[in-house]
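Q: I am attaching a structure below and will ask some questions about it afterwards.
Computed from the coordinates by the stated procedures, all read-outs in this text should not be read as laboratory data. This is a predicted model, so every value here is computed, not measured. Every residue, glycine as well, gets a Cβ built from its backbone with ideal geometry; the counts of neighbours run over all protein chains shown.
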Amino acid sequence: MCGIVGAVAQRDVAEILLEGLRRLEYRGYDSAGLAVIQNSELQRIRRVGKVKNLSEGLADQFLSGGTGIAHTRWATHGEPTERNAHPHMSQDRIAVVHNGIIENYRELKTQLTEQGYQFNSDTDTEVLTHLIHQLLDSGLDLLAAVQKAAQTVTGAYGTAIIDKQNPDQMVVARSGSPLVIGLGIGENFVASDQLALLPVTSRFIYLEEGDVARISRKSVEIFDKSGEQVERKVNLVDAKADSADKGEYRHYMMKEIFEQPTCVRQTLEERVSTSGIETGIFGNGFEEVIPQINHVTIVACGTSYHAGMVAKYWFEQYAGVSCSIEIASEFRYRKFYVHNGSLFVSISQSGETADTLAALKLAKEQGYLSSLTICNVMGSSLVRESDFHFMTRAGTEIGVASTKAFTTQLVSLLLLVLTIGKHKGLNAETELNIASALMQLPGKIENALLANDEIEALAEEFADKHHALFLGRGEQYPIAMEGALKLKEISYIHAEAYAAGELKHGPIALIDAEMPVIVVAPNNELLEKLHSNVEEVRARGSVLYVFADKDAKFESDETQKVISVVPTEDIIAPIVYTIPLQLLSYHVAVIKGTDVDQPRNLAKSVTVE
C-alpha cells in the first residue's frame, strides 16, 4: 500500500522521483503527487489516478530542484481526490508524505484547529503535517520537530518531510511502516521499497522500528526511538534495475506465472538434492531447536495463509508434529493457547504485512519456543524480527495477485517439513522420495504451463459469469481456495471454494446452469470420493471444469470439460495444480478487461491494519 520516494541531490530530482513512483505502482494506489524545493519555495503537483497522469502534469508544470518527495496514495482517510493526495503542506513551508494510519488524528486535529490551523483535506496525514509545522514554529529544528511529533502520534507511519527553510535536507521516520535509505555518491534517497531506487543505487540501509533519520547530499544521520544516534548496516542489493520489466509478456502476472519453474529451481538450489535435504538451510542454530519442537503455529494473510493451510497437512503427515494455521488479523485479537515447544512460523511475500508483523511481535511476548519467517524480501521487518528466516528467492513480484511467491512459499514450507521431519522420525526412504519429487517439480510446472492455450480458449466460457465455485479435497482444498481468490481478485467474479465433501451441506443449493464449478482432481486416495462429489454437481445442471490427472478417469462431454494435468507425486501435487488455476484466472481477467496487474481496491503490500 502507498509508496514513498524522496531524494536529496545536486541534480534535478523530479524525474528520479517519478520513475521511483512508476516502480511502486504494483503496490496499489489511487492518486499520486510530488513536491520539490525550487528556488527556496515549495512547488507541488498532485493528480488522481495513475502515475502517468502525474507525468503528464509535470510536462505542463516543470519542477526543478534537488530536494523532493513523492507519493502514491491508497485511500484510507478521505476519498481518492486531488485534495486528499500527498504530499500535504503546512503554511507553504513544509511538505509531508506518509504511509500508515495516525490513530489519534481526531484529537490532534481538534487541538490544531483551536490553534488556528486550517485543514484542506480529509486525511490523517495533514494532521501530522500541521503538527510538525507547529513544532518548527515553536523553535525546534526539523529533526527535533519530527522526533517530537513521533512521540505525540500513535499508530503506524513511514514518513518523509522537507522544509523550504532547510532546502538541503530531508527528515524521515519509521514506525510500523517500512522505509529504506538509498546511498549514492553526493546524493541520497529514501523509499518505502528498494525497488523504487534500483536505477540510482544498490546500497541500502533499512530503518529499524522507531528510527528517525536526517538525510542530506553527503550524510545520513540515524537516531533510534530513544533519540540516540546509531549506525545501521549498509546492505548491497544484487538486483537488476530492469527486474520490473514485463519483457515479452502483456502483463507482469503472466510473466511471473511463467517464471515459476526458474523461481522454484532457485528456491531449491543448494538446499535439496537427490541425496535428501541439506543441513543448515534454515540458519545457524535452527537444527538445535528442532528436538524441542512439539507443535508448529503458522500465521499469515491472504495467499500466504493458503500456503500455510497446505503445510498443515504436510507437517502432520510427514514431520509428525501437530500444526495450527491462523489468520494474522484474527490471531492478534483473541486469547490463544501456546503449545509447549511451539515454533511460530510467519509467512509473507513482502515481509512487511502489518497484521503478520504485529502477530510475530505478540508471539515473542507469549512464550513461543522460537520464531521463523518465510519471506521473499531480505532485510524486511519480518526477517529482522524473527529468530530464523528462510528466503524464497522468488525475485521481485510486481503483480498484485501473487503467483510465483505462492509456489515458492509452498516449496519453502515443504523444505521446512523435511528438515523437522528427519529429526522426528521421518524414514530415509520417504525423505529421498520427497527430495526426488522436489527435484522434478520445475519440470512438472513447465509441463503444466503447456496447457496455457487450452485454458485461454476455455476462459471464453466465463465471459458472462458472475459466480464460480471451486472444489478440492485434502491438501487440494486450500489450492481450490487459492484458485477462487485469484479469480475474484483480478476478474471480479465472485468465487468461493469448498472442501468437496461439504458440497451437500449447503453450497449445492447454489448450483445451476449459470454456476461454473472448477474441480482440482489429482489421482490420489480421495479420487473416488471426488468422483462422487462431481456427479452430484452434474446431476444439478452445472458445467464442470475439471483439472485432472491423466489417469484420473474423467472424460469431457457436454457438461464436463477436462483439462489434463501431468501425473504428479502426491506430495508436490498442490504446487503443480496451482498453475492451471493461475492461468484460468489470468485469461478470464483479460477477457473481462480488468486491470490484471493492479486490480481495483487492492494493494500488493498491506502495510496498514
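Q: Farthest toward the dipole's positive end in the chain, which of Ala149, Ala500, His423, given Cβ charges of +1 (Lys, Arg) and -1 (Asp, Glu) about the Cα centre?
A: It is Ala149, whose Cα lies furthest towards the positive end.
Q: Angle, helix 527-538 long axis vs. longest principal axis of the chain, Cα atoms, 0 to 90°, nearest 10?
A: The answer is roughly 80 degrees.
Q: Hey, another quick one. Sum up the charges of everything whose Cβ sits under 10 Å from the Cβ of Ala300, counting Lys and Arg as +1 and Asp and Glu as -1, but leave Ala300 out.
A: -2
Q: Cross-link list Lys364/Lys424; Lys225/Lys364; Lys335/Lys361: which exceed 23 angstrom alpha carbon to alpha carbon?
A: Distance filter (> 23 Å) returns Lys364/Lys424.
Q: Suppose only helical runs count, i.e. DSSP H with n ≥ 4. What mean residue ellipticity at 222 nm does that imply for the chain under -39500 (n - 2.57) per run, divided by all residues and rounded to the nearest 500 deg cm²/dmol?
A: -10000 deg cm²/dmol
Q: Can you tell me the dipole magnitude for region 109-192 around its Cα centre, using point charges on the Cβ only (Lys, Arg +1; Asp, Glu -1), in Debye to the nearest 20?
A: 180 debye
Q: Against the longest principal axis of the chain, how steep is helix 105-114, in degrees 0 to 90 to the nearest 10, with axes from Cα atoms?
A: Rounded to the nearest ten degrees, it is 20.
Q: On a 0 to 90° scale, report how tilted helix 476-491 is relative to the longest principal axis of the chain, with both axes built from alpha carbons and the result rounded to the nearest 10.
A: 50 degrees
Q: With an 8 Å cut-off on Cα pairs and a minimum separation of 6 or more residues, tell me the relative contact order of the chain in percent.
A: 12 percent
Q: Name the aspartates and glutamates eligible as straight-distance cross-link partners of Lys164: C-alpha to C-alpha under 15 Å, and not fewer than 8 places from it in the same chain.
A: Here the aspartates and glutamates satisfying the reach criterion relative to Lys164 are Glu41, Asp92, Asp137, Asp141.
Q: How much net charge surrounds Leu382 when only other residues with a Cβ under 11 Å from its Cβ are counted (Lys, Arg +1; Asp, Glu -1)?
A: Local net charge: 0.
Q: Under 12 Å from the Cβ of Gln165, count the other residues' Cβ atoms, weight Lys and Arg +1, Asp and Glu -1, and hand me the total.
A: Every neighbour counted, the sum reads -4.
Q: Ok, one more. Taking amide hydrogens as modeled 1.01 Å from N in the peptide plane, which residues meet the under 5 Å criterion relative to Glu103, leaving out close sequence neighbours?
A: For Glu103, whose amide H was placed from the backbone, the distant partners under 5 Å are Thr154, Gly155, Ala156.
Q: Given axes a ≥ b ≥ c from the Cα gyration tensor, I'd like to know whether region 456-515 is rounded (a/c under 1.5), prolate (a/b larger than b/c) or oblate.
A: The shape class here is oblate.
Q: I'd like the distance separating the alpha-carbon centroids of region 144-201 and region 49-128, in whole Å.
A: Taking the Cα centre of region 49-128 as reference, the centre of region 144-201 is 15 Å away.
Q: Treating the beta-carbon of each Lys and Arg as +1 and of each Asp and Glu as -1, no other charges, what is the dipole magnitude of the chain about its Cα centre, to the nearest 20 debye?
A: 860 debye
Q: So how do Lys404, Lys246 line up by other beta-carbon neighbours within 10 Å, fewest first?
A: Result, fewest neighbours first: Lys246, Lys404.
Q: In nm², what is the average projected area of the convex hull enclosing the Cα atoms of region 395-481?
A: Its average projected convex-hull area is 8.1 nm².
Q: For the chain, take the alpha-carbon Rg, divide it by the Kirkwood Rh, and send me Rg/Rh.
A: Ratio of gyration radius to Kirkwood radius for the chain: 1.00.
Q: For region 381-482, with only Lys/Arg (+1) and Asp/Glu (-1) charged at the beta-carbon, what is the dipole magnitude about the Cα centre, in debye rounded to 20?
A: Here the size comes out at about 560 debye.
Q: Next question, about the same structure. Provide, in order from the shortest bin, the percent of all Cα-Cα pairs of region 254-403 in each 10 Å bin, continuing until the bin that contains the maximum pair distance.
A: Computed distribution, short to long bins: 11, 40, 38, 11, 1.
Q: Placing +1 on the Cβ of each Lys and Arg and -1 on the Cβ of each Asp and Glu in the chain, which of Leu21, Tyr586, Ala435 has its Cα farthest towards the positive end of the resulting dipole?
A: Value: Leu21.
Q: I would also like to ask the following. Out of all DSSP beta bridges in the chain, what portion is antiparallel? Express it as a percent rounded to 5.
A: Antiparallel bridges make up about 60 percent of those DSSP assigns within the chain.
Q: Percent of Cα-Cα pairs per 10 Å bin, from 0 to the last occupied bin, for region 39-134, please list those.
A: 15, 47, 31, 8
Q: Give me log10 I(q)/I(0) at q = 0.10, 0.18, 0.21, 0.24 Å⁻¹ for region 330-412, Debye formula, one equal scatterer per alpha-carbon, no solvent.
A: -0.24, -0.74, -0.95, -1.14
Q: Which residue, chosen from Met309, Phe258, Ile277, occupies the Cα position most advanced towards the positive end of the dipole of region 241-322, where the dipole is computed from +1 (Lys, Arg) and -1 (Asp, Glu) charges on Cβ about the Cα centre?
A: Met309
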